[in-house]
1. Only one of 148, 144 is at pLDDT 90 or above and in a strand (DSSP E or B); which?
2. Which residue out of 82, 91 is buried (at least 17 other Cβ atoms within 10 Å of the Cβ), at pLDDT 90 or above, farther than 23 Å from residue 153 by Cβ and within 19 Å of the chain's Cα centre (by Cα)?
């Protein structure tokens, strides 16, 4: 967890509201992933993706994550660019047995909407592998950070990149 914020005084006399950096990393294998995430990973790799990035924020009893971008050997694609690339793949199929019929509020979501949801579910699963289930961390701690899922090395690692944390700041 790159940033831990103490919401109350802890046993080491940290001041309330102070952030502390802590590194984290977690290896993963294909069998560690749900069938939904395996499909996302497989399709992203078939397009040459070597990594994805996301951010997370957790505190109290809740944790949130957000897909940021996909990394290719020579460039990076933000989510909107990636949606256009993946629009004709099975990731956009709203009738897939891998997607709950209760997922979407609109009756006919666009293929981009379906893909966006699936990228975010993939990101959720990756951050849960990194931080543990329900990375809401109780009343005394808040966490936030950004992470990279390196497909080639099979590792999820925190990245200390302040620029990726800008979106998170509004949630404090």
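The values are calculated or read from the model by the stated rules, or taken from the named source; none is laboratory data. The structure presented is a predicted model; accordingly, all values stated were derived computationally and were not measured. Using ideal geometry, Cβ is built from the backbone for each residue, glycine included, and neighbour counts are taken over all protein chains shown.
1. Answer to the selection: 148.
2. Step by step, each of 82, 91 is checked, and only 91 is buried (at least 17 other Cβ atoms within 10 Å of the Cβ), at pLDDT 90 or above, farther than 23 Å from residue 153 by Cβ and within 19 Å of the chain's Cα centre (by Cα).
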